[in-house]
Each structure stands twice: as C-alpha cells, then as structure tokens.
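The structure under discussion appears below in the form of structure tokens.
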Amino acid sequence: MYARLKPLETPTDFEFPFTPYTIQQQLMQELFEILENKQIGIFESPTGTGKSLTLTCAALKWLEEHENHVRRELQERLDEVSCALIHCEKESHGARDWFSLHAKSHEKRCQLLELKDMKKLLDEYDQRLAAIKEKTNIANYSKKIIRKREISMNDIDDTEENLYSVDETEADESVDSKGSEASQSYQNVQIFFCSRTHAQLAQVMKEIKRTPYGLRVRCTPLASRQQLCINPQVRKLNNSSMINERCLDLAKESKGSTKITASDDNGCACKKASVSRKSSKGGCPYKTQSLIENLSELAVMNNFDIEDLVQEGERLQTCPYYAARSSLPIAQIVLLPYQLLFNHKSRHQIGINLKGNIIIIDEAHNLLDTIAQMYSCEINLQQLAILQQQMQSYKLRYASKFTSANLLYINQLLFVIKRLIKLLKPSQNPASKTNHRMICTYELMSEGDFFNIDLYQLLQFCERTRLAQKLQGFIKKLEDTPQTKENQFPESSTVDILKRLEKKQQLEGNKKTLESHTLTREVEAPEAKVSQEHKSFTTSFPIRFFITFLEALIEKADDGRILINIEDESSKDFCRQSGFKYILLNPGAHFEDIVKEARAIIVAGGTMQPTFELTEQLFSTCPERVKLRFYDHVVSSDAILPFAITQGPSGKNLCFNYSQRATVEALSDISAILENLCNVVPAGLVCFLPSYDYLDTIYSHLQTSGALERISKRKRVFKESRSSTNKENCSVEELLDKYASAIKVQRNGALLLSVVGGKLSEGLNFTDDLGRGVIVVGLPYPNRQSPEMQERLKYLDSTLGSGSGKEYYENLCMKAVNQCIGRAVRHIADYACVYLVDVRYANQNIQTKLPQWIARHIQVTTSYGQVQARTVKFFKTKNKN
C-alpha cells in the first residue's frame with residue numbers, strides 16, 4: 001500500500017445526489033478530514049437526516065481523491081528520483097568526496113527500485129481492473145454456463161472412520177490459495193462499511209446506487225454461509241456451525257479426492273483415498289473456481305446486494321459465498337454485518353485485512369453491548385451432562401484409532417467436563433446457598449482442579465482435528481442408524497439414568513419433579529431431571545457451547561468474569577438453569593487490534609450521546625485521535641416540541657421509579673395523561689413504558705378504570721406483546737400494519753403502547769402521522785441488583801475511576817430513552833411532540849444526555865395544564881401551515 005506524502009485538500013463538492021443540507025455538507029467535510037488525518041470520528045446525526053448516504057458520499061469521495069492522488073504522486077516521485085539519481089552520478093565523476101556521493105547515489109537507486117516495484121504492482125492492478133471492465137460478455141457469459149445439476153449427498157461415499165475419527169486435518173479453508181499471491185499484489189485502500197442487519201446494509205447499497213458513485217465504484221456485500229449458501233443439502237442444516245463445517249468438508253473434496261502417496265513395501269506407487277472416495281461425485285457441485293471468479297466479477301462490477309448475489313448464484317449454479325470472498329481484493333467498499341468485522345476468527349476465515357483501511361460502523365449506539373454480547377457465552381448443567389455421555393461414547397468407539405497424543409487430549413476434555421459438572425452439584429459447592437456467585441476465570445480453573453491443563457493446546461487440538469464437527473456427525477449417525485443390542489456402545493450411567501428418569505416421568509404423567517438420583521463415582525455425573533421437550537437429547541450438540549466456553553477461559557483474567565448459577569435440586573429446570581456464564585467486561589480487548597490496524601474509524605449513529613464509556617473503553621489508548629462531532633436535526637426548531645412533565649393532572653409530582661410507579665396515584669396520573677393527550681394529539685401517538693410487566697399493569701388499570709373505553713372512542717388502542725409465539729398475539733409486522741391502517745385508512749387515529757428496549761423502540765420509523773406524539777414514561781434503568789450489572793459497575797469503577805460505574809448505568813438508561821425519541825420526526829417536513837413523563841427529566845444532568853436537538857428546546861412544565869395548552873397550540877399552528 002503506497003503512503004502518500006502530500007495531503008489532500010477538503011473538497012466542497014461530494015457529488016451528493018441532491019443539494020445537501022448545511023449539516024450534511026458539514027458532516028461530509030469533517031468526515032473527509034478525519035479520513036485524511038487517520039483519526040477516529042464519533043458522529044451523531046439524528047435519524048432522518050440522510051446519515052448513511054452522507055457517510056458513503058464523503059468516504060467514496062475521499063477514496064477516489066486518494067486513488068487519483070496516489071497515481072499522480074507516484075509518477076512525480078519516479079521522475080524526481082530518476083533526475084536526482086542522474087544528477088548524483090554526474091557529480092560523482094571527478095568529485096573529491098566520492099564516497100559520500102556514491103552513498104547518496106546508492107540511496108536514490110534503492111528509492112527508485114522501490115518506486116518502480118510499486119508502480120509495477122499498481123499497473124498490474126489497473127490492468128486487471130481494465131480487463132474485467134472490458135469483458136464485453138460479462139453480462140451474457142452466464143447464459144452459456146447455466147446448467148441443471150442433480151445434487152445428492154448419497155454420492156459421497158465416506159467411510160465412517162474417515163468422517164468421524166480425529167486426525168491431523170486442516171482446521172479451516174480460511175483464506176483461498178490466492179492469499180499468498182495477494183500479499184505480492186497492490187493493496188488499495190478499502191472501506192469496510194458495517195451495520196447491525198443485512199436489511200440495513202441492503203439499504204446502504206441502494207443509497208450508493210442513487211449517487212454518481214454507483215456507476216463507477218466497486219462494491220461487494222459479505223455474509224455468512226447461512227445467508228449465501230445455495231446448496232440445498234447444506235442449507236437444510238439449520239445450525240450455522242454445521243453449515244460451515246459441511247461446506248468446508250465439501251470444499252476439500254472439491255479439490256480432489258485422491259492423492260499419490262509414498263511407495264508401498266513392494267516399491268509400487270499406490271493411491272490413497274482421502275475424505276471422499278468418489279472423485280467424480282465428491283465435493284460441492286457449486287464450487288467451480290472459474291465460475292466463482294466470473295460471478296465475483298459480475299457482482300462487484302454491478303454492485304449486487306446479498307439478494308442479487310444469491311439469485312444470480314442460483315441462476316448460474318455457482319456459490320455466492322465464495323464469489324463474495326473472491327471479490328474482496330478488487331472491491332473498493334465492502335458491506336458486512338457486525339459479526340464478520342468484530343470477530344477476529346471470522347475476519348481471518350474470510351480473509352479480511354484491515355491494515356491501512358477505513359472502517360465505518362453505522363447504527364453504533366449499542367456498539368459496546370454488541371461486542372460484549374458477541375464474546376459472552378454460557379453452558380448449563382444439562383448440556384455438560386449430555387456432552388459427557390457423547391464424548392465417552394465417541395472415545396469408546398474410536399479409542400483404538402487415536403494416537404496417544406489425541407487420546408490424551410480426549411481424556412483431558414472429559415476431565416474438564418466432569419470437573420465442571422462437579423462444581424454445579426449443590427452438595428459439592430459450599431456457596432450454593434447463595435444461588436449464584438461471581439469469580440475470575442483462573443479461580444474457576446483452580447476450583448475445578450484443571451488449572452494445570454493447557455486449555456490453549458486443547459483448543460488447538462479441537463480446531464486442528466475439527467472435533468466438534470466429527471462428534472456431531474458421530475452422534476447423528478448413532479441416532480439415524482438402528483443398533484442391535486450386541487452392537488450398541490456401552491452406555492454411561494448418565495445415559496442410563498436420563499432414560500430411566502424420562503420413562504418414569506412419562507408414567508407419572510402430571511408429576512412435575514423427579515427424585516434425585518446419585519450417579520456412580522466412575523462418571524461423576526450430576527443428578528439429572530429431563531423434561532419432555534428434551535426427549536431426544538442425543539440430537540443436541542453441546543460440544544460447540546463447550547468449546548466457546550473454553551475459549552472464554554483463556555481470555556485475559558481481568559477482562560471478564562464467570563457467573564456460576566446453581567438452582568435448587570427441587571427446581572423444575574434444575575439442569576438447564578444451573579450453569580456457567582462468561583461475562584465480557586472489557587469490550588476494548590477485542591477492539592484493540594481493529595484500532596491498531598485501521599487507517600481511520602468512523603463510529604456513527606442517530607443517538608450516540610453520551611459517549612463517555614465508548615471513548616474510555618474502546619479508544620483510551622489513542623485519545624488524541626478521537627474527534628467528536630454532533631449535529632442538529634435537519635428539521636426547523638418549531639417542528640419539535642419536547643416536554644419534561646413533572647406533575648400529573650392530580651398536581652402531584654410524577655416519579656416512575658420501581659418502588660412508586662405501581663401506586664394507585666401513579667397509575668391514575670398516567671391514565672389521565674394518556675386520555676388527555678389522545679384528545680389533542682392528532683393521528684398516531686406512541687407510548688413507551690419501562691417494561692412489559694408495567695405495560696400489563698397500565699393496560700389492566702386502563703381497563704378497570706374505564707379509561708381504555710373512553711380512549712377507544714377517540715383512538716384505537718394497540719399493545720405490544722411480550723412474545724409473538726402465542727396465537728393470541730400478532731407479530732410486529734402485523735401489529736404495525738393494523739396500527740398504520742387505523743391511522744391512514746380508517747383515519748381514527750391510534751395509541752400504541754410499547755416497551756423501551758422492545759421490538760418497537762429501535763429500527764422502526766413512525767413517520768408523519770404514524771408518530772405525531774411520542775411519550776416516554778419514567779427512566780428505564782436496568783436492574784442494578786443483578787449479579788452481572790453489579791460486577792460490571794464494580795469493574796468500571798476500578799478501571800476507569802470512581803463514579804464510572806454510575807455514569808455507565810445512567811448512560812444505559814438514556815441511550816434507551818434517546819432511541820425511543822428518535823422514532824419520530826424522520827424527515828425535514830415532519831413534526832411531532834415528545835413527552836418525557838417523570839420529574840427526574842427536569843434534572844440538568846439528565847437533560848445533558850438527551851440529543852442536542854431535544855435538549856435545546858425542552859420545556860420543563862410546573863403544571864400539567866401547561867402541557868395540554870401548548871400541545872393544542874402547536875398542532876393548530878401546524879394545521880394552518
């Protein structure tokens with residue numbers, strides 16, 4: 001990658017598809033400067049201001065300017081160094097200080113060679129792009145290669161020993177064979193644009209196509225095999241890990257199913273069958289390298305989104321997943337979800353190189369929580385018991401085929417499993433009376449007595465031999481293949497007891513608990529209680545949960561904690577609720593390499609404030625690089641009317657904390673507020689409540705007090721359900737359709753009762769009449785008494801200073817509030833009222849954590865009558881306009 005010497009000037013024209021608003025122009029210019037100066041930008045641009053389009057236009061403008069400048073500067077430096085070298089050589093003839101001039105000539109000669117090599121790589125890169133663009137049949141070649149294929153997994157005649165017995169096979173086909181060649185080719189700066197969902201990324205692709213850049217930029221989407229695989233026999237495996245493993249199996253078989261080995265004892269060369277014994281039929285029929293390259297070129301030059309890529313892959317009978325990976329080296333902007341960017345293993349497997357490149361993280365208001373959840377994991381007692389039985393059966397079946405080293409690793413895995421099971425037995429745990437406790441990773445290994453086992457080597461063994469995939473295949477084969485009694489593997493006491501408990505439960509019918517059973521000392525398994533829903537326990541594959549948990553145990557001890565939860569033996573879900581959970585406390589540990597490698601990082605969202613914990617946890621090593629940029633909404637100041645309602649219609653102060661919100665006075669006040677606002681707010685009104693339990697409480701009070709009937713005469717009332725699995729509850733889409741229909745078709749108006757942090761508080765737009773008013777009741781603080789929250793707050797206080805935990809706790813609440821507020825006012829002509837119902841919203845400390853465009857205009861009322869009167873006046877003014 002060529003390093004420029006001359007800086008770029010900030011442009012004024014970013015080829016925006018229409019005349020940009022002032023804040024859009026400002027954002028693009030400031031983002032351009034951050035990319036140029038290799039900084040980290042945290043941008044808050046309210047939802048509805050064209051944030052994604054603005055980000056892409058600014059980034060693509062910088063990229064084009066950079067590429068053009070590199071080519072000009074490289075040629076200028078070549079000419080300059082060539083002239084300097086000629087001048088030095090002329091001066092060296094007859095010069096007295098010949099040694100110094102010779103050294104200077106040698107330095108210039110080395111510089112010239114380096115520049116020529118760079119120029120050669122750049123020319124080859126440009127020639128490759130030109131060749132792809134000049135393909136006149138790039139749009140028609142597919143017609144020549146479309147063919148129907150009969151795919152049957154029965155064609156793969158794998159022997160059981162090769163499939164399931166551990167051996168020293170490759171763990172992953174992480175990077176294509178072209179990886180070594182790529183390191184010697186020209187590496188252009190790339191933009192990695194990531195967001196939470198594929199739907200959001202598809203919208204970004206549409207935005208790019210709206211701009212002039214869409215005609216000349218090379219863009220490719222990345223996704224997992226689960227989204228892109230078109231092999232029906234692989235797609236039917238619902239688990240993403242199983243899809244990955246099966247794909248890797250078929251990919252290896254596609255490379256060739258036979259290989260020449262050393263001569264046998266008679267000196268004759270012999271062929272040794274590899275994983276697939278039928279070379280003509282083994283492997284994935286969709287993985288043909290030449291067709292994959294054609295599809296990748298077609299996709300990157302036409303800016304396919306994921307849906308386009310899959311459709312074209314199905315039409316061409318060619319793998320979209322490997323086509324997307326193949327297009328990475330020539331793509332200028334890569335669209336990918338959070339998981340593929342933030343997970344180091346995923347980046348390595350796909351071949352993503354962040355060094356010197358640009359990262360744009362959109363919808364980043366929950367970035368810290370996303371990373372923490374991604375690396376947190378858990379495993380319960382039931383999974384450990386099942387895994388113990390599976391591993392024992394696997395060991396008994398293939399013990400004679402294991403090498404001594406592999407047998408040692410298998411035994412070590414079994415030992416760790418047994419020790420973890422023992423820690424979850426109440427009789428063995430002196431702290432079991434407390435139900436839960438929090439410990440460090442090294443404390444768990446010490447208590448479990450496996451501190452002297454090298455977990456890193458164990459994980460390498462699992463990855464190298466692909467143990468998880470082979471164990472899953474082995475168990476699945478046992479389930480699918482009827483076994484005669486004499487051919488069945490000896491069952492451990494765990495399996496025997498599980499089956500006896502299951503049979504006993506069936507006979508007892510309505511009996512909800514089973515008596516404890518003591519297992520033999522040989523297995524040291526726990527007392528087990530098996531529910532009907534886990535009847536076919538052999539079909540579950542807990543090995544992956546276990547490996548993920550082991551990976552957490554080798555993390556830096558200060559970065560996380562282990563929560564041990566032990567339920568009472570009489571509990572119905574004793575086995576499923578008792579277990580271990582790894583909690584990542586330091587998300588920065590998994591973001592540090594991204595910060596070090598990337599040229600520049602842009603973190604953007606509609607509600608980024610407060611930013612304290614984001615900057616302190618992710619960018620504390622480079623605070624000088626961090627630039628904060630907050631922008632107003634594009635709407636005028638009179639388009640939004642925010643209230644901090646401190647008193648209800650009864651005249652009493654409103655405080656909806658946990659201890660007071662369920663009182664009769666609080667319920668009466670909020671009912672009266674809803675009824676009054678429904679009388680003056682036109683069209684749609686959305687009310688966000690702290691929890692589903694409180695929503696049910698409010699709804700019940702509305703019914704019993706008669707307020708619901710009175711409101712229904714003015715507006716139809718809709719309620720967000722806790723779960724859509726119940727037949728009585730409709731899905732989010734159905735609920736929103738009914739809500740929108742009541743407003744737009746029936747024109748009666750509607751009230752939607754929903755929950756902060758629920759399905760309706762993020763990612764949905766209540767545009768225009770769908771959200772003329774937004775109510776947020778109370779401050780939705782999370783449960784401070786939960787073990788996880790207490791440990792996180794304590795960690796922040798110890799690492800970031802006293803008070804950091806409290807700041808984080810408040811920020812969690814305010815981010816949720818800000819997301820709810822952002823559901824309304826989605827474009828420049830939109831308008832709405834925002835009602836923050838709680839006396840605590842009058843506090844200056846709370847208001848500073850609100851978006852600027854809300855905090856600047858918020859009206860703190862001293863009586864509820866002021867709210868009603870100003871609301872009427874606001875909408876009368878808007879109706880006149």
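The values are calculated or read from the model by the stated rules, or taken from the named source; none is laboratory data. Not measured: the values here are computed from a predicted model. Reconstructed Cβ throughout: ideal geometry from the backbone, glycine too, with neighbour counts over all protein chains shown. What goes into the accessible areas is simple: the full protein's heavy atoms, side chains included, and nothing from ligands, DNA or RNA. Shrake-Rupley method; radii C 1.70, N 1.55, O 1.52, S 1.80 Å.
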*All but one of (1) open to solvent by 40 Å² or more (accessible area, probe 1.4 Å); (2) among the acidic types (Asp, Glu); (3) in contact (Cβ under 8 Å) with a residue 40 or more places away in the chain hold for ASP838, so report the exception by its number.*
(1)
*Answer yes or no: is there a residue in the range 344-360 that is hydroxyl-bearing (Ser, Thr, Tyr) and open to solvent by less than 20 Å² (accessible area, probe 1.4 Å).*
no
*Among (1) open to solvent by 10 Å² or more (accessible area, probe 1.4 Å); (2) in contact with a helix residue (DSSP H, G or I) (Cβ under 8 Å, 6 or more places away or on another chain); (3) within 30 Å of CYS194 (Cα to Cα), the one test that ILE371 misses*: (1)
*Based on what the data block shows, is LYS738 modelled with pLDDT of 90 or more and surrounded by fewer than 22 Cβ atoms within 10 Å (Cβ to Cβ)?*
yes
*Taking only the range 841-881 into account, find how many residues are among the hydrophobic types (A, V, I, L, M, F, W, C), outside any helix (DSSP H, G or I) and open to solvent by less than 40 Å² (accessible area, probe 1.4 Å).*
2
*Would the range 823-839 turn up any residue that is among the acidic types (Asp, Glu) and out of contact with any Phe, Trp or Tyr (no Cβ under 8 Å at 6 or more places or on another chain)?*
yes
*For the range 11-41, name all the residues that are β-branched (Val, Ile, Thr), surrounded by 15 or more Cβ atoms within 10 Å (Cβ to Cβ) and out of contact with any Lys or Arg (no Cβ under 7 Å at 6 or more places or on another chain).*
ILE23
*asked:* Between a residue in the range 595-619 that is more than 30 Å from GLN844 (Cα to Cα) and any residue that is aromatic (Phe, Trp, Tyr), which pairs come within a Cβ distance under 7 Å, given they are 6 or more apart or on different chains?
replied: VAL595/PHE619
*Determine which member of the set VAL755, VAL776 is touching a Cys at 6+ places or on another chain (Cβ under 8 Å) and closer than 25 Å to VAL839 by Cα.*
VAL776
*asked:* Taking the criterion of being open to solvent by less than 20 Å² (accessible area, probe 1.4 Å), within 22 Å of the chain's Cα centre (by Cα) and at pLDDT 90 or above, would at least one residue in the range 755-770 satisfy it?
replied: yes
_Take the conditions open to solvent by 10 Å² or more (accessible area, probe 1.4 Å), part of a helix (DSSP H, G or I) and small (Gly, Ala, Ser) and apply them to ALA816. Does it pass?_
yes
_Which numbered condition in (1) crowded, with 17+ Cβ neighbours inside 10 Å; (2) farther than 16 Å from ARG629 by Cβ is the only one that LYS6 fails?_
(1)
*Residues that are surrounded by fewer than 17 Cβ atoms within 10 Å (Cβ to Cβ) and farther than 21 Å from LYS849 by Cβ, drawn from the range 771-790*: GLN785, SER786, GLN790
*Scan the range 45-56 and give yes if some residue there is assigned to a helix (DSSP H, G or I), modelled with pLDDT of 95 or more and open to solvent by 20 Å² or more (accessible area, probe 1.4 Å), otherwise no.*
no
*State whether one or more residues within the range 792-812 are open to solvent by less than 10 Å² (accessible area, probe 1.4 Å), touching a Pro at 6+ places or on another chain (Cβ under 7 Å) and at pLDDT below 95.*
yes
_Filter the range 670-709 down to the residues that are under 21 Å from CYS833 (Cβ atoms) and open to solvent by 10 Å² or more (accessible area, probe 1.4 Å) and list them by number._
ALA672, GLU675, ASN676, ASN679, VAL680, PRO682, ALA683, PRO690
*Just give me the residues in the range 300-329 being touching a residue at least 60 places away in the same chain (Cβ under 8 Å), in contact with a Gly (Cβ under 9 Å, 6 or more places away or on another chain) and not aromatic (Phe, Trp, Tyr), in sequence order.*
ASN303, CYS319, PRO320, ARG325, LEU328, PRO329
*Take the range 629-669 and flag every residue that is among the polar types (S, T, N, Q) and open to solvent by less than 60 Å² (accessible area, probe 1.4 Å).*
THR646, GLN647, ASN657, THR663, SER668
*From the list TYR781, TYR808, which residue is among the hydroxyl-bearing types (Ser, Thr, Tyr), in a helix (DSSP H, G or I) and within 26 Å of the chain's Cα centre (by Cα)?*
TYR808
*Can you work out which of the residues in the range 421-432 that are open to solvent by 20 Å² or more (accessible area, probe 1.4 Å) and among the polar types (S, T, N, Q) is modelled with the lowest pLDDT?*
SER432
_So, in the range 433-443, exactly how many residues are in contact with a helix residue (DSSP H, G or I) (Cβ under 7 Å, 6 or more places away or on another chain) and either modelled with pLDDT of 95 or more or not in a strand (DSSP E or B) (or both)?_
3
